[in-house]
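Heads up: the structure comes next, in structure tokens.
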Amino acid sequence: MLEKTFRPSEVEAKHYARWEKSGAFAADPKSSKDPYTIMMPPPNVTGSLHIGHALTFTVQDMLIRYHRMAGYDALWQPGMDHAGIATQMVVERQLGEEGKTRHDLGREKFQERVWGWKGQSGGTIIKQLRHLGASADWPRERFTMDEGLSSAVRKVFVDLYREGLIYKDLRLVNWDPKLHTAISDLEVIQKEVKGKLWHFKYPVEGETESFIVVATTRPETMLGDTGVAVHPEDPRYQSLIGKNVILPLVDRPIPIVADLHADPETGSGAVKITPAHDFNDFEVGRRHDLEMLNIFDENAHLNDNVPEKYRGMERYEARKAVLADLEALGLIDKIEDHVYKMPHGDRGGVPIEPWLTEQWYADAATLAKPAIEAVETGKTVFVPKRWENTYFEWMRNIQPWCVSRQLWWGHQIPAWYGPDGEVFVEENEAEANAAAEAHYGEKVALRRDPDVLDTWFSSGLWPFSTIGWPEQTPELQRYYPGSVLVTGFDIIFFWVARMMMMSLHVMGEVPFKTVYIHGLVRDSHGQKMSKSKNNVIDPLEIVEKFGSDALRFTLAALSIPAGQDVKLDEARIEGYRNFATKLWNASRFCEMNEAKLDPNFDPSKLTHPLNRWIASAVVKNGREIAASFENYRFNDVANGLYHFIWHSFCDWYVELAKPLLTGEDEAVKAETKATMAWALSRLVHQLHPVMPFITEELWENLAGPDAGQLIVADWPEYNEDWIDEEAVTDIEWAISLITEVRAVRNEVNVPVAAFVELHLRETSGVVAHRVEKLSGLIKRLARISNLEVGEGTVPKGAVQVLVEGTVAHMPLAEVINIAEERARLDKELGKSRVEIEKLEKKLKNEQFLSKAPDHVVAENRGRLEATKANSGKLEVAIERLSAL
């Protein structure tokens with residue numbers, strides 16, 4: 001017997017433990033079923049569940065649960081990422097509290113400390129995902145630093161090196177001077193700052209009083225300038241191209257070069273070139289063979305490549321000194337206020353420094369070609385398709401991928417150096433020693449490269465390394481390539497692209513057939529969530545308050561297929577908690593009326609039109625839900641289930657069935673009970689992928705403990721013979737009639753308890769036939785005392801109702817005081833019109849529109865639309881009464 005109240009926390013804890021214990025989440029490599037594979041985007045070992053995780057993992061779980069029920073051998077491969085910088089920072093902070101640094105421990109002891117932390121605290125997010133109902137194959141969980149994945153990483157690195165696709169090069173990187181490592185573009189955040197734009201005069205060599213003016217937001221970098229660029233067609237500088245300017249404070253001649261990078265329309269049209277400290281300048285420097293002069297050390301302090309006065313200065317201290325000295329020389333032309341974006345490291349929190357350093361690189365341009373072709377030819381498709389353009393734009397302009405990081409936590413690069421710097425790239429130290437001995441003719445001491453690999457390198461191997469590669473395991477043969485990747489658009493460049501490149505190169509086949517891209521989760525006003533705005537929604541707090549099912553359903557309902565951002569409102573979540581309660585209460589009603597599943601139930605043999613209608617509607621809805629799952633239209637899944645369960649089943653079928661359940665016709669009564677149980681069972685099947693907990697509980701209560709768990713039940717089959725179009729048409733007409741009658745009663749304030757007459761006018765006989773079958777149901781739900789069909793005269797004082805071509809008349813003169821009601825409606829309409837005028841005036845006020853927050857403007861527009869809609873209803877009601 002179901003409890004009177006649905007208590008999510010009790011139901012969730014009970015069923016999740018049962019699912020996991022029973023092995024319901026497990027894939028079966030020996031199965032004869034078709035495989036369906038999703039690789040879980042590996043959350044950081046340092047992470048905790050945020051609302052973005054809740055969205056992406058809910059979508060994945062819905063797909064896995066649906067396909068598991070639809071007859072697939074479903075593998076949802078879980079795992080965690082070692083999160084190099086993030087994890088190292090956590091442990092270094094702990095050491096800092098003890099007054100130590102990692103250097104006090106040494107590399108080996110530090111790594112032991114990190115592994116210890118990982119064992120105790122790592123994987124919090126995986127534990128939290130269980131609260132969300134994630135049905136991943138947890139015993140298969142992998143970690144990017146486990147031995148199997150580490151072996152795969154080493155092999156791929158060595159193979160790519162031997163193919164010439166991994167190499168060392170001297171290039172610019174995003175350098176974090178606090179963490180002392182190169183970082184990826186993903187780990188760089190752009191912060192808007194209010195600064196200055198300084199314009200300097202560089203004297204032209206050999207020409208007294210002749211200067212070129214250049215502008216910069218970073219005066220200290222001018223000490224590393226090795227050229228000045230002008231546009232080749234800029235007439236102001238044609239005579240100077242090929243000459244030199246004298247770099248102030250350094251007295252070094254640097255060339256004036258012609259390059260398209262210089263924009264004649266911006267500033268003076270001349271640009272200072274600092275190849276070792278600006279990414280654009282680096283490319284200009286390579287084109288013109290300019291010197292690459294690195295003027296910073298790893299701490300962003302000035303090094304020995306600058307005049308002695310500035311050596312050892314911190315970069316911003318050096319800025320002040322440079323400006324003072326240029327001012328003294330009279331070489332500052334002007335200073336302007338300037339707002340610009342300054343790149344910061346997202347972990348270290350300090351401005352990053354474009355820094356010239358030798359690093360390991362992957363030839364991303366070569367690796368990208370097959371990955372581009374795979375999407376162009378449809379081997380992998382993006383949903384929504386428009387995200388393919390984002391993918392192409394980045395892949396077709398891809399730069400060399402810096403794969404090395406100056407950290408201690410991560411996959412140490414499998415490269416060893418001999419006494420003369422000769423490099424030996426091998427999968428292990430023994431092979432490196434053997435290669436060195438063969439090279440030198442004797443045993444020599446080798447030094448291993450201290451750097452580790454970019455986290456995205458191991459993540460790029462995720463689709464195949466997690467299922468056994470480089471071994472040819474049964475799992476690799478069966479579950480590769482994956483079926484779909486679910487992720488946010490913000491890591492298309494960083495993760496999706498790398499998996500495509502690495503998988504195609506190593507496996508010769510795309511890693512997944514579909515990439516489903518979802519948007520970001522924003523607050524109810526469409527603003528990005530942040531702690532500073534105090535609008536962050538904690539998914540675990542939501543689960544505790546409303547239940548996991550309510551949160552999952554909300555995220556599904558808001559997942560627009562166009563990949564738009566999701567606006568999350570707690571009121572919406574509460575509404576879907578109420579939806580769960582509605583279904584719970586309807587199930588209790590079925591239980592109390594002894595609606596039990598009949599194993600021999602055959603929808604094609606139903607006799608009563610109401611039962612034939614709900615059977616037909618369940619079939620149609622089931623097909624639509626399946627199609628929506630197949631086409632990644634999760635909002636249609638949720639909205640279709642919501643409207644069908646709340647309205648078609650609970651509001652209409654259950655209500656219309658009540659007189660049948662209490663009637664004297666025992667055959668109809670028994671048929672209705674069986675139909676109600678069958679329809680409910682099909683609906684909990686359809687709803688299960690979205691709301692797994694409540695549906696499992698309802699299924700257990702409805703089908704009994706011997707029926708097996710819903711999570712491993714088959715997706716219901718729906719026979720075409722079960723659809724009765726006549727019953728569908730008849731019942732939907734009756735519902736429309738009842739709805740219209742109720743609306744009119746409400747509009748003109750007919751007392752709820754009052755019964756009224758209803759006269760239907762028609763000549764075809766169709767309506768009469770429907771009324772003959774359904775009059776009892778219509779009269780009960782519309783509170784009709786007398787229902788007539790014919791061509792007689794229209795009763796006096798009757799309101800007219802039009803339903804699908806049928807004209808109905810409802811005599812109300814003796815039920816309500818028409819004059820009083822008309823006066824009440826006129827008063828309400830007057831108030832409504834005043835409110836409309838007030839809101840329209842506000843929304844035409846430019847000052848309000850420019851100063852009010854976006855969400856306030858949106859709220860006022862919403863109020864205006866709602867007030868106009870209400871005004872329209874009042875006008876219709878007045879019009880009805882005026883006709884009496």
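The values are calculated or read from the model by the stated rules, or taken from the named source; none is laboratory data. These numbers were taken from a predicted model, which means no experiment stands behind them. Please note: Cβ atoms are built from the backbone with ideal geometry, for glycine as well, and neighbour counts cover all protein chains shown. These area figures cover heavy atoms from the full protein model, side chains too; ligands, DNA and RNA do not enter into them. Shrake-Rupley method; radii C 1.70, N 1.55, O 1.52, S 1.80 Å.
Return the carbon/sulfur percentage of the accessible area of region 63-106, one whole number, probe 1.4 Å, all protein chains in place. Carbon and sulfur: 46 percent of the exposed surface of region 63-106.
Accessible area per residue was computed with a 1.4 Å probe on protein heavy atoms; ASP854 scores about 130 Å². Between the beta carbons of ALA430 and ASN585, assuming R0 = 60 Å, the FRET efficiency works out to 0.30 to the nearest 0.05.
Our coupling estimate for region 205-219, obtained by passing each phi through the Karplus curve with A = 6.51, B = -1.76, C = 1.60 and θ = phi - 60°, is 4, x, 10, 4, 6, 10, 9, 10, 9, 10, 10, 7, 9, 10, x Hz, Gly and Pro reported as x.
Within the same chain, lysines fewer than 8 places from LYS309 are excluded, and of the rest, those with a Cα less than 16 Å from its Cα are LYS320.
Gain on full extension, evaluated as 0.36 nm per residue between ASP602 and ASN870 minus their Cα-Cα distance, stands at 91.9 nm.
Accessible surface of ASP34, taken over heavy atoms with a 1.4 Å probe and every protein chain present, rounds to 100 Å². Taking 0.36 nm per residue of separation and subtracting the Cα-Cα distance, full extension of the segment from VAL423 to SER764 would add 113.4 nm. Put simply, the amide H of LYS196, placed in the peptide plane, has neighbours under 5 Å in HIS338, leaving out anything fewer than 5 places away on its chain. For region 538-583, the calculated P(r), taken from all Cα-Cα distances in 10 Å bins from zero up to the bin holding the longest distance, is 29, 54, 17, 0 percent.
In the full protein context, the chain carries 44 Å² of accessible surface per residue, based on a 1.4 Å probe and ignoring ligands, DNA and RNA. For ASP333, nonlocal amide neighbours, meaning residues 5 or more places apart or on other chains whose placed amide H falls under 5 Å from its own, are HIS199, PHE200, LYS201. Here is how the number arises for the chain: DSSP H runs of 4 or more residues each give -39500 (n - 2.57), the sum is divided by the residue count, and the result at 222 nm is -14000 deg cm²/dmol. When the convex hull of its Cα atoms is viewed from all sides, region 364-419 shows a mean projected area of 6.3 nm².
Taking Cα centre as origin and charging only the Cβ of basic (Lys, Arg, +1) and acidic (Asp, Glu, -1) residues, the dipole magnitude of the chain rounds to 2240 debye. The Rg/Rh ratio for region 158-286, using Cα coordinates for both the radius of gyration and the Kirkwood hydrodynamic radius, is 1.06. Computed on protein heavy atoms with a 1.4 Å probe, the accessible areas place LYS596, LYS272 in the order LYS596, LYS272, largest first.
Rolling a 1.4 Å probe over the protein chains gives VAL271 an accessible area of about 40 Å².
Counting every C-alpha pair in region 320-422, the share spaced more than 24 angstrom apart comes to 60%.
Over all pairs of different C-alpha atoms, region 277-371 has a mean inverse distance whose reciprocal, the Kirkwood radius, equals 16.5 Å. Cross-link pairs exceeding 29 Å between alpha carbons, from the set LYS605/LYS658; LYS33/LYS620; LYS341/LYS528; LYS545/LYS620; LYS109/LYS341; LYS605/LYS779: LYS545/LYS620; LYS109/LYS341. The convex hull around the C-alpha trace of region 1-97, projected and averaged over every direction, spans 10.2 square nanometres. Here the gap between GLU112 and THR377, fully extended at 0.36 nm per residue and compared with their Cα-Cα distance, gives a gain of 90.7 nm.
Applying a threshold of 31 Å to the alpha-carbon distances of LYS155/LYS513; LYS168/LYS443; LYS385/LYS868; LYS369/LYS567 flags LYS385/LYS868; LYS369/LYS567 as lying beyond it. Averaging over all projection directions, the Cα-based convex hull of region 566-696 occupies 8.4 nm² in the image plane. When GLU594, GLU696, GLU509, GLU265 are compared by accessible area at a 1.4 angstrom probe, the order from most to least is GLU265, GLU594, GLU509, GLU696. Rounded to two decimals, the Cα-based Rg/Rh of region 64-144, with Kirkwood Rh, is 1.17.
Calculated on the alpha-carbon coordinates, the convex hull of the chain measures out at 232 cubic angstrom per residue. A Förster radius of 35 Å combined with the Cβ-Cβ distance from ASP569 to LYS21 puts the calculated FRET efficiency at roughly 0.45.
Percent of C-alpha pairs per 5 Å bin in region 450-530, short distances first: 3, 14, 21, 21, 14, 10, 8, 5, 3, 1, 0. In the chain, taking the dipole from charged Cβ atoms about the Cα centre, the farthest positive-side position among ALA798, GLY704, HIS647 is held by ALA798. Classify region 264-307: rounded, prolate or oblate, from the alpha-carbon gyration tensor (a ≥ b ≥ c, eigenvalue square roots; a/c under 1.5 rounded; otherwise prolate if a/b is larger than b/c)? Here region 264-307 falls in the prolate category.
Setting aside same-chain residues fewer than 8 positions from LYS21, which lysines have a Cα under 19 Å from its Cα? List returned: LYS127. The mean of 1/r over all pairs of different alpha-carbon atoms in region 697-806, once inverted, gives a Kirkwood hydrodynamic radius of 17.0 Å.
The long axis of helix 147-162 is offset from the longest Cα principal axis of the chain by roughly 50 degrees. The loop-placed GluC sites (Glu not before Pro) in region 1-82, going by DSSP, that have at most 15 neighbouring Cβ atoms within 10 Å of their Cβ come out as GLU3. Farthest towards the positive end of the charge dipole of the chain, among the residues ALA26, LEU568, GLY52, is the Cα of LEU568, using unit charges on the Cβ of Lys, Arg, Asp and Glu.
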